[in-house]
Amino acid sequence: MSVPAPSVQQRKRNLGQRLVLWAPYAWLLLFFLVPFLIVLKISLSQTAIAQPPYLPTFDLAAGFSSLFDAMREFSFENYALLASDTLYLHSYLKSLEVAALATAILLLIGFPVAYGMARASRSWQPALFVLIVLPFWTSFLIRIYAWINILQREGLLNQALLALRIVDEPPVWLATDTAVMIGIVYSYLPFMVLPLYATLERMDESLLEAAADLGCPRWKAFWLVTLPLAMPGIAAGMLLCFIPILGEFVIPDLLGGSETIMIGQTLWTEFFANKDWPVASAVTVVLLALLVIPIALYQCSQLRDSAGGR
Amino acid sequence: MRRASWFNVTSLALGLAFLYLPIAILVIYSFNASRLVTIWGGWSTRWYGELLHNDALLSAAWVTLRVALVSASAATLLGTLTAIALVRYGRFRGRIVFSSMIYAPLVMPEVITGLSLLLLFVAADVERGFWTIAIAHTTLTMCFVTVVVQSRLVAFDRSLEEAAMDLGCPPLRTFLTVTLPLIAPAIISGWMLAFTLSLDDLVLASFTTGPGATTLPIRVYSEVRLGVKPEINAICTILIAVAALAIVSASLLTKLHDVGRQRATR
Amino acid sequence: MGTGVQIDPAARPLVRFEGVSKSYSGVAAVDALSLDIVEGEFFALLGPSGCGKTTLLRMLAGFETPDTGRILLDGQDISAVPPYRRPVNMMFQSYALFPHLNVARNVAFGLQQEGLPRAEIDARVQEMLALMRLQGYGDRKPHQLSGGQRQRVALARSLVKRPRVLLLDEPMAALDKKLRQETQFELMRLRERLGLTFVIVTHDQEEAMTVAHRLGVMNHGALIQVGTPAEIYEQPDSRWVADFIGDVNLIEGQVMSSSTDATLVASAAGDIRAAASRTSPGDNVWVAIRPEKLHIAAGGGDGLAGEVIAIGYLGDLSHYQVRTDGGPVLKVAVANVTRLSERPIGLHQRVTLTWAAASALVLTR
């Protein structure tokens with residue numbers, strides 16, 4: 001029976017039911033939203049040699065009047081610095097470049113893997129799913145560390161290359177862009193494969209049979225049928241990879257060299273080494289602004305899909 | 001019906017090899033007798049023995065475990081409540097803000113979350129240490145728990161709850177006797193996910209830690225920056241073994257359950 | 001009428017809907033509906049999907065609250081009583097058996113809510129399982145049962161509390177045809193044995209006609225007609241009901257004369273003698289004739305002349321489509337009492353249709 005959305009009880013929610021909503025809501029407001037507002041505020045403050053190292057500081061007790069006083073002292077100096085010093089510009093551009101390239105490579109590697117999974121026999125699929133997810137449960141740090149083992153000068157990769165006489169001199173892998181790219185692709189592969197698999201697995205195979213029946217060769221059917229239908233998965237996978245890679249810190253720090261300074265590292269250095277909290281906050285705010293663009297694009301594509309009445 | 005084409009099989013095999021080879025190499029080299037990590041010196045468990053005497057690592061492991069237990073439990077509670085509110089409460093004021101705050105941490109670079117939480121703790125003048133790390137981990141992992149529990153709740157057959165109420169069971173008791181047992185598997189896997197994420201986290205912990213609360217990833221990170229060491233290989237292998245054991249036992253449990261079902265049906 | 005038991009619709013109602021309305025985001029699912037259901041009767045709500053019959057049932061169970069109007073049970077307004085305090089139980093379309101509880105604990109669930117002593121619960125559960133021929137299945141989980149067994153467990157669970165009214169929401173939708181027929185008769189026997197009031201929702205008119213003492217035919221959130229199965233079939237009071245229940249020929253026409261024993265209607269098919277009606281000459285009306293009430297004979301004679309344009313052989317029946325000389329095509333059902341080879345009427349043959357005036361109804365709406 002088609003009954004409209006079952007609204008069992010539209011009665012007033014009692015205290016317990018309101019608590020179900022308000023406990024996590026309050027938690028997130030306090031520990032997720034408020035911190036961002038503080039970051040925004042500090043990014044407009046001035047650096048000071050004090051603890052905490054910025055001016056003006058928050059004084060909640062002084063109430064709103066002090067908030068307005070503080071607002072008058074807001075300065076955009078930190079943002080001016082970000083714009084004028086090429087160090088910041090470079091690390092933003094580097095991050096965008098790395099994230100874009102890595103996402104493209106991930107898509108190229110991830111799609112065949114996801115496709116292979118989706119076309120594997122039904123009895124194998126759960127096992128393959130677990131195999132893809134399993135590395136996600138092991139420590140991120142450990143997986144990067146495993147690559148240091150392999151990529152170092154006397155590491156297994158060079159040993160193998162030398163033994164096979166592909167190279168005479170061991171090439172340098174560690175502290176290069178290549179190492180960073182390998183590390184990123186390695187760590188984010190499950191994030192690309194899983195959404196792709198989810199869409200491909202749901203795809204009706206008889207669609208391809210119908211395409212073949214209508215005289216469409218297999219490679220063409222892939223372009224005309226499979227790929228368009230996999231678009232939601234591709235978009236989700238790209239979003240899931242691109243955004244965290246943009247702010248990645250651990251991988252470039254451990255595998256990269258001095259020429260791969262990504263924005264996450266700049267932020268970390270400003271904060272921990274230079275103790276320049278206002279600049280670190282400004283770096284964060286600009287990074288957040290950068291993140292809004294892909295998210296907005298994704299939302300648009302989703303809206304278009306749902307408007308298409310799928 | 002499904003014919004495995006060589007292309008599909010090859011791409012799958014290569015993909016899985018890429019994922020597992022580095023881990024396998026790490027595990028093998030943790031049993032290397034030689035101190036030089038690049039030269040194979042025969043099998044040995046020597047580095048595991050030395051771990052037992054490394055007090056700094058052991059205490060870091062203990063801190064990490066406690067943080068993971070506390071934050072995973074809190075995150076499971078909050079995440080489950082969130083999932084219930086999102087699935088069952090329909091439209092309410094602030095729903096968009098609420099759901100954005102749930103999904104944002106899933107993709108947000110950890111440096112941003114970490115920095116902003118630290119600034120909150122500084123602004124509120126909270127002493128940093130065990131509890132601040134636990135709060136940071138709870139905030140991150142509750143979102144993962146929400147996603148896991150939410151997908152189970154969406155698929156939940158509401159007529160089961162209606163049947164319970166129809167048979168005289170008040171709403172709260174219905175939730176406890178019907179809904180909760182049926183979504184328990186999702187809650188448990190949510191807890192496990194939160195636990196491993198917390199064990200794993202470096203960035204949030206680095207920002208929110210204080211004196212005396214060094215977690216294992218922080219310790220491992222500072223060692224790794226100085227180069228590869230066999231002790232680190234050993235501790236990484238132990239961590240991998242723990243994670244693998246957890247997953248294998250969880251999937252075995254579900255498998256046994258399924259087999260039991262099938263056998264009983266016959 | 002299935003059981004042959006006479007129900008007096010004027011008796012004191014057990015359930016009374018008084019001007020009940022319910023709408024979802026502006027669309028009325030149930031619209032100012034009033035209905036009385038008498039103690040001990042088997043009442044069926046019949047209608048196409050989306051007609052509001054399930055909403056009506058869910059309001060009686062307490063899962064939906066009416067926007068306006070009252071629902072009375074035994075004279076008490078229960079509109080605001082939550083489902084878990086109503087002496088009404090429901091059997092769900094999906095059965096909604098608790099997958100984590102075995103059969104016995106599923107059946108015991110409702111009794112446990114009343115806080116009855118364990119021994120009594122056990123006794124009543126065993127008695128119910130025996131009544132439903134489910135002895136020995138108490139320890140099984142729902143997924144270990146066949147569809148028919150699951151259905152009986154769901155029935156046992158909703159009956160064990162001895163509800164004032166048992167609500168059945170499409171209870172046989174998931175069963176195959178043979179099992180469905182057996183179950184229909186079992187339901188009727190059960191109702192008689194337990195003396196309870198049953199309200200069933202179904203879109204299957206055969207099922208409704210078989211099991212129910214009275215049916216309410218619904219469309220667009222309103223009751224179109226309420227009556228015994230025979231009344232609904234033989235005396236539909238609208239074209240919609242005549243068309244919805246069973247097969248019918250509807251012929252549009254104009255009243256030529258109306259007397260106490262017959263109405264004469266002029267139509268494109270020819271002049272039609274129909275049952276007496278409250279119409280006057282010149283009224284626009286429809287004449288409804290069931291296909292099995294038409295007699296078909298080869299050759300000419302008194303009646304509507306026409307030509308056979310299609311024949312459908314159904315085994316027990318044969319269906320003929322006859323194009324009358326005036327144009328309209330009429331359906332005729334003939335019971336195959338003789339063998340096929342002796343069938344006297346073939347394709348494209350000239351035939352004459354006749355009927356008893358009383359079986360042709362004049363409908364004005």
All positions within the stretch B:139-190 that are farther than 29 Å from B:SER100 by Cα and among the hydrophobic types (A, V, I, L, M, F, W, C)
B:LEU160, B:ALA163, B:ALA164, B:MET165, B:LEU167, B:CYS169, B:VAL178
Only one of A:LEU287, A:LEU229 is farther than 30 Å from A:LEU208 by Cβ and either in a helix (DSSP H, G or I) or among the hydrophobic types (A, V, I, L, M, F, W, C) (or both); which?
A:LEU287
Which numbered condition A:TRP277 misses (of (1) open to solvent by 30 Å² or more (accessible area, probe 1.4 Å); (2) more than 20 Å from the chain's Cα centre (by Cα); (3) of a type in the set (Phe, Trp, Tyr))
(1)
Give the residues of the stretch B:33-65 that are surrounded by 15 or more Cβ atoms within 10 Å (Cβ to Cβ) and basic (Lys, Arg), sorted by residue number.
B:ARG46
Could you tell me how many of the residues in the stretch C:112-125 are touching a residue at least 24 places away in the same chain (Cβ under 8 Å) and surrounded by fewer than 22 Cβ atoms within 10 Å (Cβ to Cβ)?
3
When you scan the stretch C:311-337, how many residues do you find that are part of a strand (DSSP E or B) and open to solvent by 40 Å² or more (accessible area, probe 1.4 Å)?
10
Residue, farthest from the chain's Cα centre (by Cα), within the stretch B:14-32, restricted to residues that are within 7 Å of chain A (Cβ to nearest Cβ) and either touching a residue at least 24 places away in the same chain (Cβ under 8 Å) or not in a helix (DSSP H, G or I) (or both)
B:TYR29
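Return yes when C:MET90 is under 25 Å from C:VAL199 (Cβ atoms), surrounded by 16 or more Cβ atoms within 10 Å (Cβ to Cβ), at the interface with chain B (Cβ under 10 Å from one of its Cβ atoms) and of a type in the set (A, V, I, L, M) and no when it is not.
Numbers: under 25 Å from C:VAL199 (Cβ atoms): yes; surrounded by 16 or more Cβ atoms within 10 Å (Cβ to Cβ): yes; at the interface with chain B (Cβ under 10 Å from one of its Cβ atoms): yes; of a type in the set (A, V, I, L, M): yes.
So C:MET90 passes the test.
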Could you tell me which residue of the stretch A:223-249 is nearest to B:PRO109 (Cα to Cα), considering only residues that are open to solvent by 40 Å² or more (accessible area, probe 1.4 Å) and in contact with a Phe, Trp or Tyr (Cβ under 9 Å, 6 or more places away or on another chain)?
A:LEU240
Output the residues belonging to the stretch A:191-246 that are within 14 Å of chain B (Cβ to nearest Cβ), β-branched (Val, Ile, Thr) and either in contact with a Ser or Thr (Cβ under 6 Å, 6 or more places away or on another chain) or over 21 Å from A:GLN299 (Cα atoms) (or both).
A:THR226
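In this structure, does B:VAL126 turn out to be farther than 28 Å from A:ALA296 by Cβ, facing chain A (nearest Cβ under 7 Å) and either open to solvent by less than 40 Å² (accessible area, probe 1.4 Å) or modelled with pLDDT under 90 (or both)? Please lay out each step first, then the result.
Numbers: farther than 28 Å from A:ALA296 by Cβ: yes; facing chain A (nearest Cβ under 7 Å): no; either open to solvent by less than 40 Å² (accessible area, probe 1.4 Å) or modelled with pLDDT under 90 (or both): yes.
For B:VAL126, the condition - farther than 28 Å from A:ALA296 by Cβ, facing chain A (nearest Cβ under 7 Å) and either open to solvent by less than 40 Å² (accessible area, probe 1.4 Å) or modelled with pLDDT under 90 (or both) - is not met.
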Given the conditions (1) more than 13 Å from chain B (Cβ to nearest Cβ); (2) assigned to a helix (DSSP H, G or I), every one holds for A:LEU267 apart from (1)
For the stretch C:34-53, which positions are surrounded by fewer than 23 Cβ atoms within 10 Å (Cβ to Cβ) and not charged (D, E, K, R)?
C:SER34, C:LEU35, C:VAL38, C:GLY40, C:PRO48, C:SER49, C:GLY50
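Could you list, in sequence order, the residues of the stretch A:158-185 that are part of a helix (DSSP H, G or I), without any contact (Cβ under 8 Å) to a residue 60 or more places away in the chain and either out of contact with any Pro (no Cβ under 7 Å at 6 or more places or on another chain) or crowded, with 22+ Cβ neighbours inside 10 Å (or both)?
Answer for the stretch A:158-185, where residues must be part of a helix (DSSP H, G or I), without any contact (Cβ under 8 Å) to a residue 60 or more places away in the chain and either out of contact with any Pro (no Cβ under 7 Å at 6 or more places or on another chain) or crowded, with 22+ Cβ neighbours inside 10 Å (or both): A:GLN159, A:ALA160, A:LEU161, A:ALA163, A:THR178.
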Any idea which of (1) part of a helix (DSSP H, G or I); (2) more than 11 Å from chain B (Cβ to nearest Cβ) is the one A:GLU259 doesn't satisfy?
(1)
Given the criterion within 30 Å of C:GLY147 (Cα to Cα), more than 14 Å from chain B (Cβ to nearest Cβ) and at pLDDT 90 or above, identify the matching residue among C:LEU73, C:LEU45.
C:LEU45
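Of the residues B:GLY79, B:GLY90, B:GLY114, only one is small (Gly, Ala, Ser), surrounded by 16 or more Cβ atoms within 10 Å (Cβ to Cβ) and at the interface with chain A (Cβ under 8 Å from one of its Cβ atoms); which? Spell out how you get there, then give the answer.
On the way: B:GLY90 fails: surrounded by 16 or more Cβ atoms within 10 Å (Cβ to Cβ); B:GLY114 fails: at the interface with chain A (Cβ under 8 Å from one of its Cβ atoms).
Unique residue meeting the criteria: B:GLY79.
Just to check your reading of the model, which residue among A:ARG143, A:ARG153, A:ARG119, A:ARG165 is more than 10 Å from chain B (Cβ to nearest Cβ) and basic (Lys, Arg)?
Details: A:ARG143 fails: more than 10 Å from chain B (Cβ to nearest Cβ); A:ARG153 fails: more than 10 Å from chain B (Cβ to nearest Cβ); A:ARG119 fails: more than 10 Å from chain B (Cβ to nearest Cβ).
On inspection, the qualifying residue turns out to be A:ARG165.
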Unique residue being open to solvent by 20 Å² or more (accessible area, probe 1.4 Å) and either closer than 15 Å to A:PHE272 by Cα or away from chain A (no Cβ under 11 Å) (or both) when the list is B:THR196, B:THR214
B:THR214
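The values are calculated or read from the model by the stated rules, or taken from the named source; none is laboratory data. The model shown is predicted, which means the values in this text are computed figures rather than measured ones. Cβ sites come from the backbone with ideal geometry, for glycine too, and all protein chains shown count toward neighbours. Protein only, heavy atoms only, side chains kept; ligands, DNA and RNA dropped before computing areas. Shrake-Rupley method; radii C 1.70, N 1.55, O 1.52, S 1.80 Å.
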